[in-house]
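The values are calculated or read from the model by the stated rules, or taken from the named source; none is laboratory data. Values in this document were obtained by computation on a predicted structure and should not be read as measured data. A quick note on method: Cβ atoms are made from the backbone with ideal geometry, for glycine too, and the neighbour counts reach across all protein chains shown. The accessibility values were calculated without ligands, DNA or RNA, using every heavy atom of the protein model including side chains. Shrake-Rupley method; radii C 1.70, N 1.55, O 1.52, S 1.80 Å.
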Protein chains: 4
Amino acid sequence: MSNIRGFASDNNSGVHPDVLKAIASVNNGHAVGYGDDEVTQRTIVKFKELFGETTEVFFAYNGTGANVIALQAMVRPYNSIICPETAHINVDECGAPEKHSGCKLLPVKTGNGKLTVSDIKSYMHGIGFEHHSQPKMVSITQATELGTVYSVEEIKEIAGYVHANNMYLHMDGARLSNAAVSLGCTFKEMTVDAGVDVLSFGGTKNGLMYGEVVLFFNQDVEAVKYIRKQTAQLHSKMRYTAVQFEALLSNNLWYRNASHANVMAQKLADKLKSIPQIKITQPVESNGVFAIIPSDLIEPLQEEFFFYVWNDEKSEVRWMTSFDTQEEDIDKFVNLIKEKLNNR
Amino acid sequence: MSNIRGFASDNNSGVHPDVLKAIASVNNGHAVGYGDDEVTQRTIVKFKELFGETTEVFFAYNGTGANVIALQAMVRPYNSIICPETAHINVDECGAPEKHSGCKLLPVKTGNGKLTVSDIKSYMHGIGFEHHSQPKMVSITQATELGTVYSVEEIKEIAGYVHANNMYLHMDGARLSNAAVSLGCTFKEMTVDAGVDVLSFGGTKNGLMYGEVVLFFNQDVEAVKYIRKQTAQLHSKMRYTAVQFEALLSNNLWYRNASHANVMAQKLADKLKSIPQIKITQPVESNGVFAIIPSDLIEPLQEEFFFYVWNDEKSEVRWMTSFDTQEEDIDKFVNLIKEKLNNR
Amino acid sequence: MSNIRGFASDNNSGVHPDVLKAIASVNNGHAVGYGDDEVTQRTIVKFKELFGETTEVFFAYNGTGANVIALQAMVRPYNSIICPETAHINVDECGAPEKHSGCKLLPVKTGNGKLTVSDIKSYMHGIGFEHHSQPKMVSITQATELGTVYSVEEIKEIAGYVHANNMYLHMDGARLSNAAVSLGCTFKEMTVDAGVDVLSFGGTKNGLMYGEVVLFFNQDVEAVKYIRKQTAQLHSKMRYTAVQFEALLSNNLWYRNASHANVMAQKLADKLKSIPQIKITQPVESNGVFAIIPSDLIEPLQEEFFFYVWNDEKSEVRWMTSFDTQEEDIDKFVNLIKEKLNNR
Amino acid sequence: MSNIRGFASDNNSGVHPDVLKAIASVNNGHAVGYGDDEVTQRTIVKFKELFGETTEVFFAYNGTGANVIALQAMVRPYNSIICPETAHINVDECGAPEKHSGCKLLPVKTGNGKLTVSDIKSYMHGIGFEHHSQPKMVSITQATELGTVYSVEEIKEIAGYVHANNMYLHMDGARLSNAAVSLGCTFKEMTVDAGVDVLSFGGTKNGLMYGEVVLFFNQDVEAVKYIRKQTAQLHSKMRYTAVQFEALLSNNLWYRNASHANVMAQKLADKLKSIPQIKITQPVESNGVFAIIPSDLIEPLQEEFFFYVWNDEKSEVRWMTSFDTQEEDIDKFVNLIKEKLNNR
């Protein structure tokens, strides 16, 4: 199974060659640690160019790290955080948000991983009542964990309600690049301009070795450097984190990678549509394909292409494409499915 | 100042070329995430060969991360942790140990960064008394933050006392390689064989891009994978962390790097001895040199070679050497000192 | 409005006269603090008589305190706790469970405040998968926050499933006495004999000034005294807490108080049934009556008898009876309702 | 041993009769819970009269509870709190401050339990440096755990330094009444007027059954009600807590109780002075007497009058007097000491 490009996750892929080259390019001499180096400083400038001058930039190691920095910075332990039930912070971080922030998460059932104002409203009670955790943050994921994408208008609507209720809007952007490609808009239009207050911007799933960034928009960030350090997310040899983002944001690498992954997901979905036993369950708006497949197919397929079951009861699986997915991978996989179905 | 090899910290150095090569060597195809890949598995075997079969291996991003995983795994919030006042966990992690573990740290003043049984004893009161945090862990650093090194006998003595009192011994081995070189012993002799229960083994300061490992010796580690994940220290593309350690543990790279750094520290110390205005304050047993220097010298020197002041009141500074320190760097630095002294 | 006996909460009532007398009876001389006194020791014996010899007894100040002691003792931060959405630990403790334990709560929607094995099962996935908080405790409330009561059989069924899955069963017994009266069984039959592992036993809502007890059944409680102290729930002048429970458990006071409150709730419900505009929404099995009432009635009623709205959208309210509720209070209240309805 | 008035602790005494009477006086009818009742409101007014109009008042169950509410309200997890090594928050709360606040405590060795500006200064380094916990609060105890008392001038000096450095001054006033008597000043002069920002005001050790208050002076307290609830320190039947303080603050009861205890401590110290084998180690400024006594005397004395050993190595013990200590208790105790000494 080793080294086959599969559909388990976009973090099963490797590092984009341009990113490796960028790393090698800064590997000379000494540099002050913890971000006071030239490479980090010029990458911060790059982020400010993309997201606006009032953006504050904090690099972290991984998505969970970025998310819990964002949470600790904006909420206090007696607050609650409203998010979709499928949110990474709710189901994929082993309770890190609760442990680090002390807060309660209020998970909302959704059909497509996307929160609506109406969903949020149903949790807006007990305000000012000391017996209830006080809602202070709404967290949405763009693109969602189900491969769907919020429109800019949808984000604005949520942000409007959130701010009108004295709360903050967090965006988990582990796959923000895929969403930007999908919407055909800039990062800025989809985040700060739409009312996002704090963003976890992902690199790992789009071709980096590791690395995420927390971006604060128009916020007081005096505490954040301490929070990052105390959360064990401060890299000493920071230039190696920063330079990966510099590469990603240069020559449109982020766009090329995400765009390719999205196209591959579309192709996979298209080819699957011809197989009547497979039912695609979510609109394919970024780089994931969710499908209900015959349950006896799962294990035989996984033996050759590892992937995750999304919902055991429904026999629903998740297939992710990546910057390095090739059409031949898709053909191989689709053919395998057909073969296994024929041999039942 | 950029790119000059200075003496600020061994984490200001870059990545050893062999490590970069190793990274490139695994950059093909896909690999299952989070450590279930071949590279990670074979690196774990390598650690078991070095530290013994009952060693359990957990990779982390950085030293603070490794330390707080170790702490959370072994103690509970009502416990206390005895350590030297100069311990990294006490003064360099922005309170991460307290925040993550909920525990009290009991910092002990020492002259040389090394704890003794007698130091520990002075905190062993109120045992069983619910009003007091219950001492459950002793944490020592090898090599210490002051560049000194515990002998194997000293570690054994501490471990004996610690275990006789139903506690655990943690070793912060951010510079364990430098200590091993200094003592001329194996990692195993200095750790598991000497009674260490859990070890933070450092890579970053000895030539890696990032990466530390927590090693548990003969412990129940069922909870640790969850603790690591919840602490935001689980790398998705784990092969890139693991392969760096594989490189470090291959071809004696760890030894060559640490040995070189130690020799460079000795040379620096030797050359400084001829300068009467400089007083070396700690035995140079690993890769650090601590010295009291004329206070008016500090800023002019820092302008050309950045380094940290260790103790403002005493005008004591810290100079660290690294795997890539060159004799010419030392000569340049010592000459600069002389020049600045002459021009006063 | 002051001093009227209303239906807002059973904690709006005062202290039963026998309890006040008991307090006065121990108010002489000095006693060793923190529970090492005679009164506390003999009250512990009383609890062991009622719940069995292997019961371990820890007094606390209030219900939230008792619950978070129970949680911290049995689970670790990477665990999750399954409970009904209406559980006090989920909606009435301002996030104390998350803050103190670091755990995730998994709230389950129920119609009647009672959990079923099938509810629990739907959260039992991702076991052993480090990305998910690991379910380790199920918490049920007896009587529930909706005034309903689990049968002994229902508890046994839950306990069976919970233990088969290597988890613990916590019971929040803030109104345990009302449930025991309702079921006509002993405390023991409904708790330790039915498989409960840890119980928060309530006193405040049944006639005490303050005070709850955490009872552990067949558990290792070595850590609990430290947890209680660290949670700020250890009373120095413990005899005054203990003696209240001694009074409650003597001369069947607990039974008389709870029984009276339950009867009063029945009477209230019976009288309300004749009012067609009022719809009782839950079976009245303990001392609470839940009803949907015309929304324009709420404020006028509250002006004379304060009570809490349970569900704004449904115009559902909660009326609680207490050990000191009198039939005349009920008549007065029901007449008021009728009068307000007539005058609309 | 039971019921003998000894010298173990001022919390071994009972409840002052006036306090019991006050409790009985509010035991009629129902009252809204959690502090929205008349008794609580008028007691809050009483505190405002004593401490000034901008005082905000939060009742809690015990001293540890009050302290951790104060801490959580004013500091964040990356902050540190400077206090004497002997502070209750440092050695008598089982790590509650670290657990609840996430902060690091910086304990300072002192001879007499009193902090000085010079002590504080020695910890004021690494400001703005993210690797260090940032000092944000100084906590002093009045009267100290060693029975000594800060002068108003000393407090002002500390407060001046604290505020000049952008920190807060917390006072643990578990025995504030004893200090006020000792200094002959008002509560206000010693606290808010001297620069204290937040005060834990103690009742339990001065004749209450239980109960402490956290007083904030000129602070934003919006978050405090949630913090208190989440810390499990919010009493439902609040009137019973409040009325105890009303009694304490009425008819000078606080003064009479504390004054009596102080006088008794003086008498005890005076009588001990005639015994050459006993060496009083601290000035007797409030209601505690610290003394080095022959170590073989400790156990025989404890068998008849229980008390705590303060320092095992030095054979130093602590004797506390209380509002109900009688001269005959002192005579009995001193005679016992003499007798035991003679019979050696």
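Using the alpha-carbon positions of the protein assembly as shown, Rg (one decimal) and Dmax (whole number) come out as 32.9, 104 Å. Spin-label pair B:Glu157-C:Gln277: with each label point 7 Å from Cα along the Cα-Cβ axis, the two points sit 8.6 nm from one another. Using +1 at the Cβ of each Lys and Arg and -1 at the Cβ of each Asp and Glu in the stretch C:254-342, identify which of C:Tyr308, C:Ser295, C:Val263 lies farthest towards the dipole's positive end. The Cα lying farthest towards the positive end belongs to C:Val263. Placing a label point 7 Å from the Cα of A:Glu339 along the Cα-to-Cβ direction, the residues of the stretch A:282-301 whose backbone N falls under 12 Å from that point are A:301.
Rank these by accessible area, largest first, 1.4 Å probe: D:Ile293, D:Ile44.
Working: D:Ile293 5, D:Ile44 30 Å².
So, going from the largest accessible area down, we get D:Ile44, D:Ile293.
With the simple model of a label 7 Å out from the Cα in the direction of the Cβ, A:Tyr123 to B:Asn251 spans 5.3 nm. Taking a straight Cα-Cα cut-off under 17 Å and skipping sequence neighbours fewer than 8 places away in the same chain, the lysines within cross-link reach of D:Lys273 are D:Lys332, D:Lys338, D:Lys340. Sorted from shortest to longest, the distances between the B:Lys338 label points of this copy and the other copies are 8.0, 8.0, 10.9 nm, with each point 7 Å from Cα along the line through the beta carbon.
Each peptide in B:60-68, B:242-250, C:147-155 receives the mean, over its residues, of other Cβ atoms within 10 Å, and ordering these scores from highest gives B:60-68, B:242-250, C:147-155.
For the interface of chains C and D, what total accessible area is buried with a 1.4 Å probe, rounded to the nearest 100 Å²? For C against D, buried area totals roughly 4700 Å². Shown for the stretch B:12-31: residues covered by the partner protein chains by 50 Å² or more of accessible area relative to the chain by itself (probe radius 1.4 Å), namely B:Asn12, B:Leu20, B:Asn27, B:His30. With contacts taken as Cα pairs under 8 Å at a separation of at least 6 residues, chain A carries a relative contact order of 24 percent.
Surface composition of the protein assembly as shown: carbon and sulfur make up 47 percent of the accessible area, probe 1.4 Å. Label points for C:Glu49 are taken 7 Å from Cα along Cα→Cβ. From this copy to the others they lie 4.7, 6.9, 8.2 nm apart, shortest first.
The peptide list C:115-123, B:336-344, put in order of mean Cβ contacts within 10 Å with the highest first, becomes C:115-123, B:336-344. Our helix-only sum for chain D, with -39,500 (n - 2.57) per DSSP H run of n ≥ 4 divided by its residues, gives a mean residue ellipticity at 222 nm of -12000 deg cm²/dmol.
State in Å² the accessible area per residue of the protein assembly as shown; use a 1.4 Å probe, count heavy atoms of protein chains only, and round to the nearest integer.
On the way: 45380 Å² over 1376 residues.
Using a 1.4 Å probe on heavy atoms only, each residue of the protein assembly as shown averages 33 Å².
For the peptide A:121-131, the mean number of other protein chain Cβ atoms found within 10 angstrom of a residue's Cβ is 4.
Each listed q (0.17 Å⁻¹) maps to a log10 I(q)/I(0) for the stretch D:17-248, found by the Debye formula over equal Cα scatterers with no solvent: -1.23.
Counting only other chain Cβ atoms within 10 Å of each residue's Cβ, the peptide A:86-95 averages 6. What the phi angles of the stretch B:306-318 give under the Karplus curve with 6.51, -1.76 and 1.60, with θ = phi - 60°, is a coupling list of 5, 7, 9, 7, 7, 9, 4, 4, 8, 6, 9, 10, 10 Hz, glycine and proline written as x.
The phi torsions of the stretch C:325-340, fed into the Karplus equation with coefficients 6.51, -1.76 and 1.60 and a -60° offset, translate into couplings of 5, 10, 4, 4, 5, 5, 4, 4, 5, 5, 4, 4, 4, 4, 4, 5 Hz, rounded to whole numbers, with Gly and Pro shown as x. Seen from B:Ala258, the other residues with C-beta closer than 11 Å to its C-beta sum to a net charge of +2, counting Lys and Arg as +1 and Asp and Glu as -1.
Can you give the average number of partner chain beta-carbon atoms within 10 Å of each beta-carbon in peptide C:71-78, as a whole number? Can you show the working numbers first?
Values: counts 0, 5, 0, 0, 0, 8, 15, 15.
Taking all residues of C:71-78 together, the mean is 5.
Take C:Thr186, push a point 7 Å out from Cα through the beta-carbon direction, and compare it with the same point in every other copy: 6.1, 6.1, 7.6 nm, smallest first.
For C:Tyr226, B:Tyr34, the ranking by accessible surface with the largest value first comes to B:Tyr34, C:Tyr226, using a 1.4 Å probe. Residue of chain A with the Cβ closest to the rotation axis carrying A onto B, and that distance rounded to whole Å: A:Tyr61, 2.
In the neighborhood of D:Ala291, defined by Cβ-to-Cβ distances under 13 Å, what is the net charge if each Lys or Arg adds +1 and each Asp or Glu adds -1?
Working: positive: D:Lys271, D:Lys273, D:Lys279, D:Lys314, D:Arg318; negative: D:Asp270, D:Glu316.
Spelling it out: positives minus negatives among the neighbours equals +3.
Ordering C:Phe290, C:Phe129 by accessible surface, largest first, gives C:Phe129, C:Phe290; the 1.4 Å probe counts only protein heavy atoms, with every chain in place.
May I ask you to give the average projected area over all directions of the convex hull of the Cα atoms of the stretch A:226-339, in nm² rounded to one decimal?
Here the figure is 10.1 nm², rounded to one decimal.
Between D:Asn262, D:Asn287, D:Asn252, the residue with the greatest mean-square fluctuation in the GNM of chain D (Cα pairs under 10 Å linked by springs) is D:Asn252. Restricted to Cα atoms, the stretch A:98-216 shows a radius of gyration and a Dmax of 14.6, 46 angstrom.
Can you tell me the order of D:272-280, D:171-179, A:197-205 when each peptide is scored by its average per-residue count of other Cβ atoms within 10 angstrom, highest first? All intermediate terms of the calculation are to be shown ahead of the outcome.
Values: D:272-280: 14.4, D:171-179: 28.1, A:197-205: 26.2.
Final packing ranking: D:171-179, A:197-205, D:272-280.
If you bin all the Cα-Cα distances of the stretch B:81-145 at 10 Å, starting from zero, the percentages per bin are 22, 52, 25, 1.
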